[in-house]
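One structure below.
The values are calculated or read from the model by the stated rules, or taken from the named source; none is laboratory data. Small disclaimer: the values here were computed from a predicted structure and weren't measured. Virtual Cβ from ideal backbone geometry, glycine too; neighbours counted across all protein chains shown. Calculation scope for accessible area: heavy atoms of the full protein, side chains included, ligands and nucleic acids excluded. Shrake-Rupley method; radii C 1.70, N 1.55, O 1.52, S 1.80 Å.
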Amino acid sequence: MTQQKTKRIQGLFAVLIIFHHLSQMVSAPWLPDSIRRPGLELFVPVGYLLVAFFFFSSGYGLAKSMRSKEDYFDEFFVRRLNRVLFVSIAVDIVYIVLRIYKQNLALPPNPFSWYVYTLIVLYAGFFLAYRKKTKASFAVMCLVVLIYCVVCYLLAFGNWWINSVPAFLLGIFMAGRKEERSDVKRIILSAAVFALMFFAGENIKNFAVSKGFSNYGVINSSVVFLQMISSAAFSLLCYYISFKTPSEDSGNTVLVFVRKGLSFLGGITLEIYLIHGIFVNSFGPYFISNNVKPYYYIKNIPLYVLVVVALSIPLAFGLKKLFDVLSDNYPALTVLNKFMSDLKRNLLILIALAVLVTICFGIKHGRDASEARKQAEEYKNANITMVEADGEQIAVYKAGTGKETMVLISSGSFAGSTLNLRPLADKLAEDYSVVIIDLPGSGFSPYAGKELTADHYADVIKGTLDSLGIKDDIVLVPHYYAGLYCYRYISKYPEGLKGAVFIDSIPVEIGPRLAGSAITSAEEYEWNASRSLRSEKLVKDFMVKTGYAEFELVFFDELFGGSDVKKYVPAMKDLILEGYMNEAGCKEIIKAYANCRDLKDFTLPADVPAVFLISSDNRYDNPYGINWTNCYKRMITNEKDQTIVTIDNSYVMYYSPKEIKRLTDAFMCKGQ
C-alpha cells in the first residue's frame, strides 16, 4: 500500500467523516421529528469504520518507517506531534471562545479531539514498545492498547474512543508481513467478516432486548467487541482493495482529476477532522449539547452540508499552510528554535508551569470557598427554616404575608434555590406569602438517600407545606425539572391548590431526548446515564477543586448585581459548584427519563388555573429538539383558565422577576 494511495483513501474518508457527523445532527433515528431530516441516514453508523482506517494506516506507516530508517526514533515525538499539537491547540482556542459565549464550557473543548488524545497514546505506546525492538514489542503494544481501552471503558468514555483502536495493531501487523499482495479470496473473506460483524453490532442490542435480556453492561460490551472486529476487517478490506486500484500511469482524465483532488484532501485530513466540527455544531439544530442554541440553524440539509464542507476545507487548508509557513521559517524563529532544541526539558517546564498555575488556582479557590461557606452558614442561620418532609430535612425560605402562598421550587441541579431565587421571591412577597424550597440534596437541604422519583419529590413538597401549616391558597411556581414534580403534585394533592405558574418547566416529552442517542427503555437510560456521569463527575471535580469552574459563573455578578442578595454571590457560586453533580444531583438526572415516562399522559385538571411562562429562547429554539409550546398545549384542558405566555428574555427565573411578578398578578386577578 503506497503512501499516495493511502492519502487518497484518507482524503475520501475525511469528507465522509464530515457527512457522518452531519448525519448524527440531522438524520439519526433517535432524533425527534422536529429535527430529523432525510438524506444522510447512510452515514449515521459508519464513523468508527472510517476512523479505523486512519488508525490502521498510522500503525502501518509507523512500522514501515521504523524498519526502513535506522534513526527513526530520533526526535520521534517532535516529528509526529508538532503538527498535531499545533492544529489541535489552534482549534481548541476557537472552541473555548465559542463555548464561553454560549456558557457551555467543558473539557475537552473540541468534542472530536478524542482522536488526537488517542493518537498521542498510541504514538507513546509505539515508542515504548519499539524503540528497542524485541520479540515482545508487538505484545507490549497490544498491552498498551488493552490498558487504554479498559481505562476508557471504565471511565465511561464513549464507545468511539475504543471501537476503532485495534485497527492500529492490525496496521503494525500487516506492515511486518513480507508478502504484500491482494487476491479476490482475501477481499471476499475480509468483506464477509466485515459485513457479518457490522450487521451483528448494529442489531445485537435490539435482539437482546426483544428476548428480555436487560444487562446493558454485557450488551454494550458485546457491541464494542463486534465493532472492533468489523472496523479492523473494514480496514483490511480497504488495504486489499488498494492493490486493485488503477495504476498511477493511467491516462484516464477523470481518474487523474479525482486522484489529484483526493491527494489534496489527503494532505489536510487532520485539519479537516479537527475544524469541521465547529461548523457542524454552529449551523446544526444545537451547539454541541442538545439544549444549547446554535449560532445559526440551517434547516435545509443540502445547504447545511454545502456550507460546512465549503468552510471546513478552505480553512483546513489555510491552517495547514500556516503550519507550513511556521515550519519553513523555523530557523528564523529564535524563540521557537530554542524551545525545540531541547523539547523534553522545555515540555517538562511547561507542564510544571501548568501544574503550578493549577495549584495556585486551587489554593485560591480553597480560600474563597472557605469564606463562601462561612457566608452561606451566616445566611442559613439568618434566613433558613429547616422542616421534616417524607423522611428528608428540607430547607425553606419564607417571606411576605399575603393570602396566597407562592411556592418557588427549582431543579436540584440548580443548587441553592433558597438563595438564588431570592430576587423573584422578594418581588412576589410584596403581595403574596412566599416559600422557597431547597429539594433534597440541593442548597441547604441534605440528602437522605431515597430514590428521587417524581412521587417522592411531590411528597416532599406536600410534607414541607404541611410542616409549615400551609393548607390552602397554594400556588406552585416550579422551574425546569421541578415542573415534573409539580405535575405529580397536582395529580396527587389537588386539595388547597389555587393554581400554578410554570416557569420554563420541562415538558415530559423530552425524556427520550435526554440521552442524546438511541435509548430503548428507562432502564437503559439509567445504566447509560450512570456510566456517563462517572466521567463527567471526574471532570467536574477537577474543575471545581482547581477553581477553573468559576469561569463558568462569571455572569453571576451581573445576574445578581442589582439585587439585595448581591453580597451573597460568593455563597451562591459555592453552593452551585458543590451541589452540581453531587449524589442527589446525579440521581435526579438518572431518574429523569423514568420520571418523564411516568408522567407522559399528564394533563392539567380543568379546575386548576395555570399559566406557562416560557422564555423566548425556549419557545423559539426548541431545546432538546422539542417544541415546548406544543407540549404545554397538550397539557391544557381549559383554555379559559390555562394559558401560555412568552417572556422576551433568557434565564427569566433570574433576569425577569419584575415581569414574572406582573404576569403572576394578572394571572391571579384573572383566577379570582
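For the residues Val460, Val209, a 1.4 Å probe over the protein chains yields an accessible-area ranking, largest first, of Val209, Val460. In this simple spin-label model, placing a label point 7 Å from the Cα along the Cα-to-Cβ direction at both Leu154 and Phe213 gives a separation of 2.5 nm. Net charge of the neighbourhood of Tyr624, taken over other residues with C-beta under 9 Å away and scored Lys/Arg +1, Asp/Glu -1, is 0. For segment 359-482, the solvent-accessible area works out to 36 Å² per residue, with a probe of 1.4 Å and every protein chain left in place. For the pair Tyr548 and Ala139, a Förster radius of 60 Å applied to the C-beta separation gives a FRET efficiency near 0.90, rounded to the nearest 0.05.
Working note: Karplus 6.51/-1.76/1.60 with θ = phi - 60° gives segment 9-14 the couplings 4, 5, x, 5, 5, 4 Hz, where Gly and Pro are set to x. Return one number: the angle in degrees, 0 to 90 and rounded to the nearest 10, between the long axis of the Cα atoms of helix 343-383 and the longest principal axis of the Cα atoms of the chain. Between helix and principal axis, roughly 10 degrees.
Provide the percentage of antiparallel DSSP beta bridges, counting only those with both residues in the chain; round to the nearest 5. Once the DSSP bridges in the chain are tallied, antiparallel ones form about 30 percent.
Once the 1.4 Å probe is applied to the protein heavy atoms, segment 154-229 comes out at 54 Å² accessible per residue. Within the set of other residues whose C-beta is less than 14 Å from the C-beta of Phe53, count the net charge using Lys and Arg as +1 and Asp and Glu as -1. Net local charge, Phe53 excluded: +3.
Report note on the peptides 641-654, 430-443: ranked by the mean count of other C-beta atoms within 10 Å, highest first, their order is 430-443, 641-654. Ordering 503-512, 383-392, 168-177, 127-136 by mean Cβ neighbour count within 10 Å, with the highest value first, yields 503-512, 168-177, 383-392, 127-136. Angle of helix 522-546 to the longest C-alpha principal axis of the chain, folded into 0 to 90 degrees and rounded to 10: 90°.
Ordered from highest to lowest accessible area with the whole protein assembly present and a 1.4 Å probe, Asp324, Asp557, Asp601 read as Asp601, Asp557, Asp324. Using the alpha-carbon positions of segment 547-672, Rg (one decimal) and Dmax (whole number) come out as 17.7, 50 Å.
Ligands, DNA and RNA left out, the accessible area of the chain computed with a 1.4 Å probe is 61% carbon and sulfur. Estimated from helical segments only, the mean residue ellipticity of the chain at 222 nm is -19500 deg cm²/dmol, where each DSSP H run of four or more residues counts as -39500 (n - 2.57). Summing charges over all other residues whose Cβ lies under 13 Å from the Cβ of Ala482, with Lys and Arg as +1 and Asp and Glu as -1, gives -2.
Note that segment 622-672 presents 50 Å² accessible area per residue, ligands and nucleic acids not counted, probe 1.4 Å.
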